[in-house]
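The values are calculated or read from the model by the stated rules, or taken from the named source; none is laboratory data. All of these numbers come straight from a predicted model, not from anything done at the bench. Glycine gets a Cβ as well: all are built from the backbone with ideal geometry, and neighbour counts include every protein chain shown.
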Amino acid sequence: MSSVTKNVQEVLEDIKKYSIYPERVKLVAVTKYPVVTREKMLELIENGVFSFGENRVQVLEEKLEILGEEKNKIKWNFIGNLQKNKVKYIVDFIDMIHSINKLSLAEEIDKRAEKIGRKIDVLIEINLSGEDSKEGYQLEEFYKDIEELTKLKNINICGLMTMAPNTEDENLIRGSFRKLREIRDEVNEKFGNNLKELSMGMSGDYKIALEEGATIIRIGSKLYE
Ligand SMILES: *Cc1c(COP(=O)(O)O)cnc(C)c1O
């Protein structure tokens, strides 16, 4: 068995083993790395992995080119910092944008979506790590904007996303995932929203994220080892 196949199978097994609701969990294969050739992407597809994640518009466009017709099979997830002036390049086909980090970005997506008659699935990214280098809403800002965000008619806020702090300390990592879940539940109670998704967990910490209720895990490097 080649490594991509073996690694995908391992992650799928881990979902069953660690998740509290394995049937709800979606694997997004992060394809942003230069090692991810056309062959590797086709192998992901052969293994039933159709959700790909990219964090830069230009690299995403390169992937579309490399994949040719196969690109239509893919549900594209945008997981990185999205500049407002780049929204127009992905709004036609993007399946989910995980990284709403300010109101003005959400408004731009809403406006572009309305123009083409699409409703775009999005997640709000929250920075719980306290690290300035990480993208995402500061919690206070998020609470300030949430009502305005939910008024935008052409985006569908499906849930929240976060990246764990850069640490070996499992308790801190677990704490940040748990916190995201608690915020999600609290927002649902307060605003009667129906935020279902928790996009959390990467190669190094996805097992913890699954235990804490992740519904979407974003796995890159582990798949190509
Ligand atoms: C790169 C990236 C991932 C995947 O990270 P790995 O450690 O390679 O699994 C997940 N989420 C985001 C936002 C990323 O930028």
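Once the stretch 35-46 is narrowed to residues that are closer than 17 Å to S221 by Cα and touching a residue at least 40 places away in the same chain (Cβ under 8 Å), the residue that is surrounded by the most Cβ atoms within 10 Å (Cβ to Cβ) is L44. Of the residues in the stretch 93-103, not one is surrounded by fewer than 16 Cβ atoms within 10 Å (Cβ to Cβ), modelled with pLDDT of 95 or more and part of a helix (DSSP H, G or I). If you check E65, E23, E69 for being away from the ligand (no atom under 15 Å from the Cβ), under 18 Å from the mean Cα position of the chain (by Cα) and either modelled with pLDDT of 95 or more or in a helix (DSSP H, G or I) (or both), only one passes: E23.
The residue list Y89, Y143 contains one member that is under 22 Å from V28 (Cα atoms), aromatic (F, W, Y) and away from the ligand (no atom under 14 Å from the Cβ), which is Y89. The set of residues in the stretch 122-132 being in contact with a strand residue (DSSP E or B) (Cβ under 9 Å, 6 or more places away or on another chain) and either acidic (D, E) or not in a loop (DSSP other than H, G, I, E, B) (or both) consists of V122, L123, I124, E125, I126.
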